[in-house]
Every structure is written in structure tokens, then in C-alpha cells.
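This report concerns only the one structure given below.
Only the coordinates and a few stated rules stand behind these numbers; no lab work does. Fair warning: this is a prediction, and the values are worked out from it, not measured in the lab. When we count neighbours, we look across all protein chains shown, and the Cβ atoms used for this are built from the backbone with ideal geometry, even at glycine.
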2 protein chains.
Amino acid sequence: MPKIVDHEARRARLVEAVWSLTVRGGIEQVSLRKVAEEAGVSMGQIQHYYSSMQALIRDALDRATRAVNATIENAVAAADTTSPEAVLRACLYALISPAQESTRLMRFALAAAGRAVSDPTMAKALAPADDDLLTLTAGLIAAAREERGSEPRGEERTDADICWSLATSLGVDVALGYRTPEAAEHLLDHHVEQILR
Amino acid sequence: MPKIVDHEARRARLVEAVWSLTVRGGIEQVSLRKVAEEAGVSMGQIQHYYSSMQALIRDALDRATRAVNATIENAVAAADTTSPEAVLRACLYALISPAQESTRLMRFALAAAGRAVSDPTMAKALAPADDDLLTLTAGLIAAAREERGSEPRGEERTDADICWSLATSLGVDVALGYRTPEAAEHLLDHHVEQILR
DNA sequence: CGGTTTACCATGCACTTGCACTGTAAACGC
DNA sequence: GCGTTTACAGTGCAAGTGCATGGTAAACCG
């Protein structure tokens, strides 16, 4: 065995470089040499950890979506309130947050989404809200409606699906600068209000 | 003056080739030579009509968005009904239509959207629903609510904005195969129902 | 007829690309 | 000590890239 290194840290470093390059100049700027330079390593190291450029970008997208999901989970965990409505708003806001890291991730994900058009492997990583998240959100909506005294209607899962679809769309708009985070928040608020009424 | 040619037709042909190549193999497959081959012309012709590769792709995106808008307008015009609700649904459905041409356009637009991350010129062509469309849609919503006997509430513009945001998001999902057109339609229906209640 | 303008085609060039390959230093078992 | 495995660095190469350039054929004006 040779030098003991932290593989995870190495990969994270390389992926970080891919994110930066992409956000700065578009995904077409991402090349072996550029990533190597950005990460301050040699091309050889990249080849050592990834079998191809495709594999690198795939992993970068994978980690980006996982990071976004983590943001959502953090928002849920950090909501120091028992009000389901507050928690619901908090986790939806995660996608339109003005936080720089969020914007970075959304931008990269959008740039990589172009690849998903022709690469099914990439498309997988970008799928809409998964079952667990939908179930969680539907639960929040039901609880929030109950909290407000609205009568239940058993369509919470559909409502949840729409919520995430809308939040994603607004998140992209914010990332591309079409809307301010405040404007997006206003729209989301309006919709949530509608849902819970 | 030399051979009289239809410039518009030439450009349309080249852009069509760009769309095809992109949808088939991703935008990274789009090169001068490939486009030339796909269109059955020489690289020289492309250079004659576009000052650079960037210009070609920009025009391709421009024409794609205009084509999508035309689809929406057609849907409005084709709705042989006076019911504003029916017209509203019809034009929203334009974005999630299962029609092959629609899917092609959406796919290309998504692939090109990746470029918008770093190219502001591209970003312009992809902006959310413009003022005119929003005004039109808000009018439809107000009329549909009146038709149903719901009381007006003066938030129709916000409602319209949300509608298009949601429809766009669903359109992307359909184009990438995450949802069937029917599933997307169901969600849209549910939302419109909510809006008009 | 010549001259000018347009509409290309074909080629050449400088540059970048991903990847294969070779070399080498470090850490361990024996 | 030696051999093996891992973790890279460095280089070379074939393929592809956008674009500049030079040439040519057609259509019109005079």
C-alpha cells in the first residue's frame, strides 16, 4: 500500500473544481486540463479517480443533487418550530434561497441538465421530487391545513408534487437572474396560501 | 447580384439541423462540420450565414422559443370556444403537449439552457413569460372566474405567473420523460381548478 | 463585353480535446 | 533487503475544433 489518502476528499475536491468552472464559464469549459488546473493537481490524478470525463461530470451532478437535498433536509431540521406550515415554507424556500452556495448548485445543475437530454444516466440524477420527499411534504400540507382548521381533501400528494415543481422552476429563474429571491418567495407564498385555504 | 436564394429558408434549414443534432446527441455534438453534414451543405455556407458558431446556436435558441410561443398562440386561436377557461387550459397545455415537435423544441431549449448559465445573450431568449402573455393569461383567469361565478380577487397576474412557471416545469419533465403528458395534464388541471375556485 | 456583388465550396492552420502510456515515489508485507 | 500495490505526474498522440483564406460560379448593371 502506498500513501494513504482520503479518496472522498480527493473526489470532492475535483467535483468542486468542476462546479466552479461550470458556473464561471459554462459546462463547455470543463476539460481535463482546466479541472486539473482549477484543483491544483495533474490530469493524471483525475484519470486515477475517474475512468472518463463523463464519469467525473456524472459524479459532479450526483453530488450537486445530493447537496441540494441536504439543504432541504437541513431546512426541515433547522426549523425550530412545531408549526407544519412554517416547516413547509422553510423547505420549499431552500430551492430559491439567495445563499451563494445554493445558487452555485442550481446553476451547475441547470448547466448539467442540458446533458440529460441525450444522456439517460444524467437524467436519472435530475428526476423530480422522489417518493419520500413527496410523502413528507404531503404530510406537512395535511397537518398545516388541519392546523388552520381547513377541512382535509385527500389531494395532498398532488399538491405536494405541484409545490416542488413550482419551487424548482422558481429556483431556476432565481439562479439565472430572472427573478429576485424576494419575488420568487412572494409567488411561492401566494401559492402556499392558496393550497392551505 | 448572384444566385437569388431564400436567406430565411437557408437559415431555417441550418437551425433545423442544429435542433436535430442536439436532440439526438446533446449540444456538445453540435459542430460546424456536423451541422454542415446534417444539413447537406458545406461548412462554408454556415460561415456565410453566421459569423460564428455561437451566433448559430443563439439563432437556433431564438427560433425555438419563438416556435414555442407560436404554439401557444395557435392553441389560443384554435380554441373554437368562447369559454375563457377552455382557452386557458388549451394554451397552458401547449407546453406539455405530447406532439413530437413540441418535445423536440423543449428538449433543445433545455440543452441550450445550460449555455444560458454563462452566456447572458442566451439567457435573454429563455426568460419567463413576458408581459403580454402574462396580461393575456391574467385576463383569461379573471374571465374564467367570472364565468364560474367566483368572486374576483385582483391577484390574477400572480396566478398567471405561477401557472406559466408550473407549466414550464412540467413541460421539461415531460420532455425528459419524467412524466407522461397525461400525468402532467392531471397536475395542471388540478392547479387550474384550484385557481378558479 | 467587363465589372461587381453575392453565394458559396474547399482547404489549411493553430489550437484543444480525452485518453493511453510510461515513469516514479511512497507505503506496506515478507 | 525486495517485491508489490497504490497514487499519482508527465508526455505523447490521434482526432476534432472554429475560423481565416482563397478560389469559383452565378447573376445583375453598365
- Query: Which helices (runs of 4 or more DSSP H) sit wholly inside segment B:8-79 and have at least 2 residues that are near DNA strand C (Cβ under 10 Å from one of its atoms)?
  - Reply: B:32-39, B:43-49
- Note on the structure: Residues in segment B:140-157 that are under 24 Å from the mean Cα position of the chain (by Cα) and touching a residue at least 40 places away in the same chain (Cβ under 8 Å) total 2
- Query: Any residue at all in segment A:58-65 that is within 16 Å of DNA strand D (Cβ to nearest atom) and of a type in the set (Ser, Thr, Tyr)?
  - Reply: no
- Query: What are the residue pairs meeting all of these: first residue in segment A:43-54, first residue under 15 Å from A:His7 (Cα atoms), second residue of a type outside the set (Ser, Thr, Tyr) and within 6 Å of DNA strand D (Cβ to nearest atom), Cβ atoms under 7 Å, and 6 or more apart or on different chains?
  - Reply: A:Tyr49/A:Arg10
- Message: So, A:Ala160, is that one small (Gly, Ala, Ser), farther than 23 Å from B:Asp159 by Cβ and either in a helix (DSSP H, G or I) or in contact (Cβ under 8 Å) with a residue 24 or more places away in the chain (or both) or not?
- Response: no
- Just checking, which of A:Ala116, A:Ala123 is without any contact (Cβ under 8 Å) to a residue 60 or more places away in the chain and either of a type in the set (S, T, N, Q) or crowded, with 20+ Cβ neighbours inside 10 Å (or both)? A:Ala116
- Query: Does any residue of segment A:22-42 turn out to be exposed (fewer than 15 other Cβ atoms within 10 Å of the Cβ), polar (S, T, N, Q) and near DNA strand D (Cβ under 9 Å from one of its atoms)?
  - Reply: yes
- Hits in segment A:80-96 - residues which are part of a helix (DSSP H, G or I) and surrounded by fewer than 17 Cβ atoms within 10 Å (Cβ to Cβ): A:Ala86
- If you go through segment B:62-71 one residue at a time, do you hit one that is surrounded by 15 or more Cβ atoms within 10 Å (Cβ to Cβ), within 14 Å of chain A (Cβ to nearest Cβ) and under 23 Å from B:Thr103 (Cα atoms)? yes
- Query: When A:Glu151 is evaluated against the numbered criteria (1) more than 12 Å from chain B (Cβ to nearest Cβ); (2) closer than 26 Å to A:Phe108 by Cβ; (3) not in a helix (DSSP H, G or I), which criterion, by number, is the only one it fails?
  - Reply: (2)
- Residues located in segment B:167-197, provided they are within 17 Å of A:Glu156 (Cα to Cα) and at the interface with chain A (Cβ under 7 Å from one of its Cβ atoms): B:Leu187, B:His190, B:His191, B:Gln194
- Query: Within segment B:97-145, can you find the residues that are away from chain A (no Cβ under 11 Å), among the β-branched types (Val, Ile, Thr) and either assigned to a loop (DSSP other than H, G, I, E, B) or farther than 29 Å from B:Ala55 by Cβ (or both)?
  - Reply: B:Thr135, B:Thr137, B:Ile141
- If you check A:Val87 against the conditions, is it within 16 Å of DNA strand C (Cβ to nearest atom) and more than 14 Å from chain B (Cβ to nearest Cβ)? no
- Message: Tally up the residues in segment A:85-103 that are among the hydrophobic types (A, V, I, L, M, F, W, C) and over 12 Å from the mean Cα position of the chain (by Cα), please.
- Response: 5
